[in-house]
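Throughout, read-outs are computed from the coordinates displayed, never taken from laboratory work. Since the structure is predicted, the reported quantities are computational estimates derived from the model, not experimental observations. We place every Cβ from the backbone using ideal geometry, glycine too, and count neighbours over all the protein chains shown.
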Ligand SMILES: NC(=O)c1ccc[n+]([C@@H]2O[C@H](COP(=O)([O-])OP(=O)(O)OC[C@H]3O[C@@H](n4cnc5c(N)ncnc54)[C@H](O)[C@@H]3O)[C@@H](O)[C@H]2O)c1
């Protein structure tokens, strides 16, 4: 199958590209390298360095004629979205709209969209959050990511463009950039690797649903070919792990005795979350295969290896 992956030089998109190539698909990657890394792009993928907002995107769609588009390119920084809401909306909404227009004009069959299960619900009213939970994002990023879900519905309604929304929990694993704000696992690993204390905002009792990037990539591969009744799936583990707990896992995997520093909590940060993943199991035949200890172990091993070899942590291994 011919597949175009946006954001395929980034953390999650590059794993999706690797798995799709392994499965025998023909892959083109579009990425402007704003946070991604050229070294992440699979050598067997055709790479186009381009902004998803560019009018030149249509030319790439015409040349590549993708059957499926997997859309991961985004402005992912929550604090940046609050500081520069127009820029966040430009990339996440207008950029996505450009992709949908190109898809409609060039006969793409299906779009798979990476949404955010962590940002769309706000502070949960009940747990686990399922697809019926009210959508009340409390940051600009959450609004911009969710807005695209409406456009996907509209494009199917108007033009018959099929789609699947995969709403991710907190994804972690190799190639996550510790300089970003979202990846607490990679941030803690990078601090401890350089002998510095990690900072935990608030008490550390706030919980997250941590899902391993390899499992997330598998969900994308399944969504490419499965016909499902639902078009929205949460992709997580349905397990709550506190930030203190994830810190202890990482410190233990790295054999570090360093104690974390506690700083004031971040205003607007949600207290608890875990996602209901039963529809993904039922309809996509997907479930997370990597336990937290195993996933943290793999991420630590990758980080140490990447640094030993003098590579940027974003690099390919
Ligand atoms: N990491 C998570 O825990 C998580 C959780 C929920 C949803 N998501 C979603 O998954 C997707 C991938 O996130 P990630 O963590 O891999 O982030 P990432 O920053 O590693 O990847 C995003 C990629 O998109 C590229 N990009 C950004 N703006 C672009 C633009 N205007 N034009 C072209 N390319 C552009 C970047 O260079 C980067 O390679 C995003 O859509 C994000 O919203 C991630």
Rough spin-label spacing in nm, given labels placed 7 Å along Cα→Cβ, for residue 162 and residue 258 | 4.8 nm
Quick one: which of 137-150, 192-205 comes out on top by average Cβ neighbours within 10 Å, and what's the full order, highest first?
-> 137-150, 192-205
Distance in nm between residue 21 and residue 1 label points, each 7 Å along Cα→Cβ, equals 1.9 nm
Compute the acute angle (0 to 90°) between the alpha-carbon long axis of helix 243-253 and the principal axis of greatest extent of the alpha-carbon atoms of the chain; round to the nearest 10°.
-> 80 degrees
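The stretch 34-183: D in µm²/s via Stokes-Einstein (Kirkwood Rh, Cα pairs, 37 °C, 0.692 mPa s)?
After rounding, the answer is 199 µm²/s.
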For a quick protection proxy, order the peptides 246-253, 261-268, 67-74, 224-231 by their average other-Cβ count within 10 Å, most packed first.
-> 67-74, 246-253, 224-231, 261-268
Using R₀ = 25 Å, calculate the FRET efficiency as 1/(1 + (r/R₀)^6) where r is the Cβ-Cβ separation of residue 83 and residue 39; round to 0.05.
-> 0.30
Tilt, helix 213-225 to longest principal axis of the chain (alpha-carbon atoms), in degrees rounded to tens, equals 20 degrees
Principal axis dimensions, the chain - Cα atoms, whole angstrom, descending | 56, 46, 39
Compute the acute angle (0 to 90°) between the alpha-carbon long axis of helix 140-159 and the principal axis of greatest extent of the alpha-carbon atoms of the chain; round to the nearest 10°.
-> 30 degrees
With only helices counted (DSSP H, runs n ≥ 4, each -39500 (n - 2.57)), the per-residue ellipticity at 222 nm for the chain, to the nearest 500, works out to -11000 deg cm²/dmol
Using a Förster distance of 22 Å, the FRET efficiency for residue 53-residue 270 (Cβ separation, nearest 0.05) | 0.15
Post the alpha-carbon centroid distance, the stretch 255-312 to the stretch 98-124, in whole angstrom.
-> 24 Å
Arranged by the count of other C-beta atoms within 10 angstrom, fewest first, what order do 90, 83 take?
-> 83, 90
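Please report the antiparallel percentage of the DSSP beta bridges confined to the chain, to the nearest 5.
Approximately 5 percent, going by the DSSP bridge assignments.
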Kirkwood-based Rg to Rh ratio, the stretch 219-317, C-alpha trace | 1.05
